[in-house]
Structure formats: structure tokens, C-alpha cells
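K.L.:
Okay, handing you the structure first.
The values are calculated or read from the model by the stated rules, or taken from the named source; none is laboratory data. Everything numeric here is computed off the predicted structure, so don't read it as measured data. Neighbour counts are summed over all protein chains in view; Cβ atoms, including those assigned to glycine, are modelled from backbone coordinates with ideal geometry. Note: accessible area is taken over every heavy atom of the protein model, side chains too, but ligands, DNA and RNA are not part of it. Shrake-Rupley method; radii C 1.70, N 1.55, O 1.52, S 1.80 Å.
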Amino acid sequence: MNSMIRTFLFHTGVVLLGIFMVYPILWAISSSVKPEAEIFQNASSLLPSSFRWDNYVKGWAGFGNFHFGLFFQNSLIVTSAIVVGTLVSSSLVAFGFARLQFKLRKLLFALLLMAIMLPAQVTLIPQYILFHKLDWVNTFLPLIVPAFVGGTPFFIFLLIQFIRGIPKELDESAVIDGCSTFGVFWHMMLPLMAPALATVAIFSFYWSWDDFLGPLIYLNQTKLFTVSLGLRMFADPSSMSQWGPLFAMSVLSIVPQLLVFLFFQKYLVQGLATTGLKG
């Protein structure tokens, strides 16, 4: 009997926590179809007095000659390139740290760990100066290129831990069969790293799609704006903010993330589980 009560209380708590976590999304969806004046006047209610689907039409129309589909296109270009660059560079660097012996290996690994703990704001100004001198400001290059030259230190560390759990005897057998060092990485490690790479790809997609600070600093022309910057244009402190279209486009902006989570959830769980068990 006590076991049943504990089970009931546990599931009740999980349901309540789930409702608490989902409520902001439900509120945003509800606000996206509410009349403008009702969004904050009747904020506690999830049911609008009338459904205003034209909020989505106005939001998608964008501003002037720039419709919101352009912002989605820019975000997809930047995010896809960052995901590819992160997978390529992080997997190569992680393989080097986990399997190869070279000078200053321990020092470089210590620097990698320090980079994980280093706040991004510390390197913000030096990076901007560098990209400005390269004449990359107001292009996608400052957002994309760093992913191809090392990726994110956290992802490298995650892949290192995963590779260290793979028996080295597999490397030796591949070398005996005639594989080069890169052949071991390409034919042996990459297939075995699939769960961890899927985890890296999913988190990289999430973080890149949600990134606001990077595009805000490096992108100045409206035609280059990503979704995050496009949403900001609806809220204008100096004039009337368009809250209905803002919430409508906010709802559309989370659709790609929800689709990625729904279709790749099993790979995410598998990658986190296997990475946590291997060390």
C-alpha cells in the first residue's frame, strides 16, 4: 500500500512539473492567436476571446521587403553550417586527444578544460577585433568559421570521454589490416561514435538556432538577420510593439527545435547514456 502511495505521489509530482514546464509554451501559443489588447490584459487565461490567425500572416509578412521566411532561411544556413563544422572539427580534435601521443598533449588538454570554464564574454572583444580586421563583420563567417576550427570545447571533451571507452584493441586490429591513422578514425571510430555525434549535433543545433548575441554583434544588415534578430524587430521600445505577430513568429521559431527533438530523441538519450557510462 505504501508503495502504491509513493508511486501515485511520484507520478503526480512528475505531471505537475511537466505542466509547469510546458505552461510558457502553451501561453505563447495562446498569445499568438489573441487580439493585441487582450494579450496582457487577460494574460492568465489560455483561451482567447477570439482567434486572430492574421497574427501569423502579419508576422510572416515581416518588415518592408524582408519577410520572415528570409530570417528562417538565414538561420537554417548558419545553423546547418555550424552543426557540420562542429561535428567535423570536434570529432577530429577529440580523436587526437584520445588516441594520439604528441608533444604538449597534456598542456593542450589542460587548456581545453580551461576553455570550457572560460566565459564567452571574455573572448568577445578580441574575437570581434580579429573578425573586423579580416573584414568578416556583417557576414555569416564569424558565426560559422569558429565551428570548423575547433568547435565547442565542451563537445570535444564529451567526445574524448566517449572515445576513451572504446577498446584500443580495435585500433590495433585496424592498423594490422592496413589502416592509416586517418583510416582508423574514418572506418573504425566514426561508426562507433554515432550516438555521441548525434548528441553533439542536436545540442549544437539548439544552441546555434537560439543564439542571439552572436548575430546581434556581427550582423548589421536586415537581409542577413537570423530568426532571433527578426523577432527583436517586432518589439520597439520607441514606438508600438507588435505583440501578436511577435508571439506568432516565436511559436513558429520553436517548431524546428521540436521536430529535431521528436525525431532524434532516441539518439539523444542513447548518446547521453553511453557517454556517461564510458570514461
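K.L.:
Residue by residue through the stretch 147-182, note down the ones that are open to solvent by 40 Å² or more (accessible area, probe 1.4 Å), in a helix (DSSP H, G or I) and without any contact (Cβ under 8 Å) to a residue 40 or more places away in the chain.
P.N.:
Answer for the stretch 147-182, where residues must be open to solvent by 40 Å² or more (accessible area, probe 1.4 Å), in a helix (DSSP H, G or I) and without any contact (Cβ under 8 Å) to a residue 40 or more places away in the chain: Phe154, Glu169, Leu170, Glu172, Ser173, Val175, Ile176, Phe182.
K.L.:
Just to be sure, is Ser80 surrounded by fewer than 19 Cβ atoms within 10 Å (Cβ to Cβ), out of contact with any helix residue (DSSP H, G or I) (no Cβ under 7 Å at 6 or more places or on another chain) and within 16 Å of Ser228 (Cα to Cα)?
P.N.:
On the way: surrounded by fewer than 19 Cβ atoms within 10 Å (Cβ to Cβ): yes; out of contact with any helix residue (DSSP H, G or I) (no Cβ under 7 Å at 6 or more places or on another chain): yes; within 16 Å of Ser228 (Cα to Cα): yes.
The answer is yes for Ser80.
K.L.:
Is there a residue in the stretch 242-251 that is at pLDDT 90 or above, open to solvent by 30 Å² or more (accessible area, probe 1.4 Å), within 28 Å of Leu141 (Cβ to Cβ) and not in a loop (DSSP other than H, G, I, E, B)?
P.N.:
Yes, the stretch 242-251 contains a residue that is at pLDDT 90 or above, open to solvent by 30 Å² or more (accessible area, probe 1.4 Å), within 28 Å of Leu141 (Cβ to Cβ) and not in a loop (DSSP other than H, G, I, E, B).
K.L.:
While we're looking at this one, here's another question. Being in contact (Cβ under 8 Å) with a residue 60 or more places away in the chain and not in a helix (DSSP H, G or I) is the filter; apply it to the stretch 188-219 and report the residue that is farthest from Phe261 (Cα to Cα).
P.N.:
Residue satisfying both the conditions and the ranking: Leu219.
K.L.:
Taking the condition of being assigned to a helix (DSSP H, G or I) and not aliphatic (A, V, I, L, M), how many residues in the stretch 1-59 meet it?
P.N.:
We begin by selecting, within the stretch 1-59, every residue assigned to a helix (DSSP H, G or I); these are 2-31, 38-41, 54-59.
Then keep just the ones that are not aliphatic (A, V, I, L, M); that gives 2-3, 6-8, 10-13, 18, 20, 23-24, 27, 30-31, 38, 40-41, 54-56, 58-59.
So the count comes out to 24.
K.L.:
Ok, one more. Of all residues in the stretch 85-121, how many are within 22 Å of Gly214 (Cβ to Cβ), within 21 Å of the chain's Cα centre (by Cα) and among the hydrophobic types (A, V, I, L, M, F, W, C)? Reasoning before the result, please.
P.N.:
First pass over the stretch 85-121, keeping only residues within 22 Å of Gly214 (Cβ to Cβ): 85-90, 93, 112, 114-121.
Narrowing further to those that are within 21 Å of the chain's Cα centre (by Cα): 85-90, 93, 112, 115-121.
After this cut, where a residue has to be among the hydrophobic types (A, V, I, L, M, F, W, C) as well, the list is 87-88, 93, 112, 115-118, 120.
Adding up the residues that qualify gives 9.
K.L.:
Would you be able to tell me the number of residues in the stretch 4-49 that are farther than 15 Å from Gly244 by Cα, open to solvent by 70 Å² or more (accessible area, probe 1.4 Å) and of a type in the set (Gly, Ala, Ser)?
P.N.:
So the count comes out to 1.
K.L.:
Count, please, the residues in the stretch 183-193 that happen to be closer than 18 Å to Tyr267 by Cβ and open to solvent by 50 Å² or more (accessible area, probe 1.4 Å). Before you say what the answer is, go through the steps one by one.
P.N.:
Start the filter on the stretch 183-193 by keeping residues that are closer than 18 Å to Tyr267 by Cβ, which leaves 189-193.
Add one more test, that the residue is open to solvent by 50 Å² or more (accessible area, probe 1.4 Å), and what stays is 191-192.
The qualifying residues number 2.
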